[in-house]
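The values are calculated or read from the model by the stated rules, or taken from the named source; none is laboratory data. Predicted model, so just to flag it, every value in this text is computed and none were measured. In this analysis, Cβ positions are derived from the backbone assuming ideal geometry, glycine residues included, and neighbour counts consider all displayed protein chains.
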């Protein structure tokens, strides 16, 4: 009801306040009964205080004080009138100034509230944009507590780790990325960490993959937090290894082409000499016959050429790491060909002596041969067994592809019925023998088993030192 008195422009409110003052003064003048009506001037003072500055408020307070005094029943005297007028003025002016200050505070609060609402809207927009970026990012992003418990993860993280949507929160990230255990166990009193590293990860089903991890730690009121972005680098590793295999095959083709060219030249010369010998009366002391002998010796030298690798390229190789990377490289292609794989790797295998790149090429060649054989089968199984047998570490690659028809010809170069150059198994065994290993074929029922024999690095180093000392 009274709210209408305070609505409108400044001029309208002041006009209403003036009318109310006049009405109060008139009623106070006409009332004979000694009832003081001066307190009613507080209403127009409240109205004036809500819209006017200090000057008009003081002036209105003086006017209300004058009307209160002139129409009041008690007679004015200096002893009582001055004190009474001062109290009237203080009450009226104080009320107006108080209302003015309240109004100023209200306007400031309203403006501050608008600023807060604008900041809230801006923050909400930023949060929505960040959420969209977070959820739509192809990079796996997550945050974790100091103990490694996942706080938040985006859809790409769930997809990369093979976890159902929303199920990653509350799980230990060290289960999927063991390398981060050193980060989450980092002393909180030390400086914050920001770094990039490459490490092996494991999906929910145990499948290994290669991860590029960009991480940082930060402080909150609840303690240290970890934020990380993870990229699946398995495809890069596959591309690298496949490119290496292609390069090896290309090199073998070039070598075979050059060797074939030389053999053709020699064979042409032999054909000419052979024709000359047929026309000769006697072979004794015949120069063509002696040339034939030289050509035969040259052929023997060519035939005796063996694929060798410098022993200096061999070093200590962690077989567990190598086989994990092999899983990453061959896993997708085997899955596409519907080949079921089993990996039976004995824990605690010692480091072996060899060349990592050559070992990877050996296993890739064996898997490629098994894959081609398995394509003829409806039920395809490829099994890997890695264990230590005596002083050796053996890796067996077993398939149910039907076996090999002529195993005695397996490791000979230039097989007539082989695909490409027919050098795959020949070169694989040559690689292994170059660092004191070997490759054997073991026939099994309805399948094939290739055994890769490797020496533990400690045994191989002793053999190398003994061989050098005996020279």
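Does residue 221 meet the test of being at pLDDT below 85 and either within 30 Å of residue 330 (Cβ to Cβ) or in the same structural domain as residue 148 (by TED's automatic domain parsing) (or both)?
It is true that residue 221 is at pLDDT below 85 and either within 30 Å of residue 330 (Cβ to Cβ) or in the same structural domain as residue 148 (by TED's automatic domain parsing) (or both).
Here are some conditions: (1) at pLDDT below 90; (2) surrounded by fewer than 15 Cβ atoms within 10 Å (Cβ to Cβ); (3) part of a helix (DSSP H, G or I). Residue 74 meets all but one. Which one does it not meet?
With respect to (1) at pLDDT below 90; (2) surrounded by fewer than 15 Cβ atoms within 10 Å (Cβ to Cβ); (3) part of a helix (DSSP H, G or I), residue 74 is out only on (3).
Taking the options 354, 371, 390, name whichever one is under 23 Å from residue 436 (Cβ atoms) and free of Cβ contacts under 8 Å to residues at least 40 places away in the same chain.
Criteria check complete, one pass: 390.
Would you call residue 38 surrounded by 12 or more Cβ atoms within 10 Å (Cβ to Cβ), touching a helix residue (DSSP H, G or I) at 6+ places or on another chain (Cβ under 9 Å), more than 19 Å from residue 93 (Cβ to Cβ) and at pLDDT below 85?
It is false that residue 38 is surrounded by 12 or more Cβ atoms within 10 Å (Cβ to Cβ), touching a helix residue (DSSP H, G or I) at 6+ places or on another chain (Cβ under 9 Å), more than 19 Å from residue 93 (Cβ to Cβ) and at pLDDT below 85.
Tell me whether the range 138-145 contains one or more residues that are part of a helix (DSSP H, G or I), touching a residue at least 12 places away in the same chain (Cβ under 8 Å) and over 14 Å from the mean Cα position of the chain (by Cα).
No, the range 138-145 contains no residue that is part of a helix (DSSP H, G or I), touching a residue at least 12 places away in the same chain (Cβ under 8 Å) and over 14 Å from the mean Cα position of the chain (by Cα).
For residue 364, state whether it is in contact with a helix residue (DSSP H, G or I) (Cβ under 6 Å, 6 or more places away or on another chain) and either in a loop (DSSP other than H, G, I, E, B) or not assigned by TED's automatic domain parsing to the domain that holds residue 402 (or both).
On the way: in contact with a helix residue (DSSP H, G or I) (Cβ under 6 Å, 6 or more places away or on another chain): yes; either in a loop (DSSP other than H, G, I, E, B) or not assigned by TED's automatic domain parsing to the domain that holds residue 402 (or both): no.
It is false that residue 364 is in contact with a helix residue (DSSP H, G or I) (Cβ under 6 Å, 6 or more places away or on another chain) and either in a loop (DSSP other than H, G, I, E, B) or not assigned by TED's automatic domain parsing to the domain that holds residue 402 (or both).
Considering only the range 160-176, I want to know if a residue exists there that is closer than 30 Å to residue 47 by Cβ and touching a residue at least 24 places away in the same chain (Cβ under 8 Å).
no
May I ask you to say which residue of 330, 395 is touching a residue at least 24 places away in the same chain (Cβ under 8 Å) and touching a helix residue (DSSP H, G or I) at 6+ places or on another chain (Cβ under 6 Å)?
Of 330, 395, the one residue that is touching a residue at least 24 places away in the same chain (Cβ under 8 Å) and touching a helix residue (DSSP H, G or I) at 6+ places or on another chain (Cβ under 6 Å) is 330.
Quick check: anything in the range 342-350 assigned to a helix (DSSP H, G or I) and either at pLDDT 90 or above or closer than 22 Å to residue 453 by Cα (or both)? Steps first, please.
Of all residues in the range 342-350, those assigned to a helix (DSSP H, G or I) come to none.
No; the residues of the range 342-350 include none that is assigned to a helix (DSSP H, G or I) and either at pLDDT 90 or above or closer than 22 Å to residue 453 by Cα (or both).
Starting from residues that are within 16 Å of the chain's Cα centre (by Cα) and part of a strand (DSSP E or B), keep the ones in the range 221-244 and report whichever is nearest to residue 365 (Cα to Cα).
Checked the range 221-244; the qualifying residue nearest to residue 365 (Cα to Cα) is 232.
Counting only residues that are under 13 Å from residue 354 (Cβ atoms) and either surrounded by 19 or more Cβ atoms within 10 Å (Cβ to Cβ) or modelled with pLDDT under 80 (or both), how many does the range 437-455 have?
Residues in the range 437-455 being under 13 Å from residue 354 (Cβ atoms) and either surrounded by 19 or more Cβ atoms within 10 Å (Cβ to Cβ) or modelled with pLDDT under 80 (or both): 5 in total.
Filter the range 191-220 down to the residues that are assigned to a loop (DSSP other than H, G, I, E, B) and touching a strand residue (DSSP E or B) at 6+ places or on another chain (Cβ under 7 Å) and list them by number.
Hits for the range 191-220 are 192, 193, 203.
Would you confirm whether or not the range 124-139 contains a residue that is touching a helix residue (DSSP H, G or I) at 6+ places or on another chain (Cβ under 7 Å) and buried (at least 18 other Cβ atoms within 10 Å of the Cβ)?
No, the range 124-139 contains no residue that is touching a helix residue (DSSP H, G or I) at 6+ places or on another chain (Cβ under 7 Å) and buried (at least 18 other Cβ atoms within 10 Å of the Cβ).
From (1) modelled with pLDDT of 85 or more; (2) more than 27 Å from residue 232 (Cα to Cα); (3) outside any strand (DSSP E or B), pick out the condition that doesn't hold for residue 301.
(1)
In the range 344-364, how many are closer than 16 Å to residue 456 by Cβ, over 30 Å from the mean Cα position of the chain (by Cα) and surrounded by 23 or more Cβ atoms within 10 Å (Cβ to Cβ)?
3
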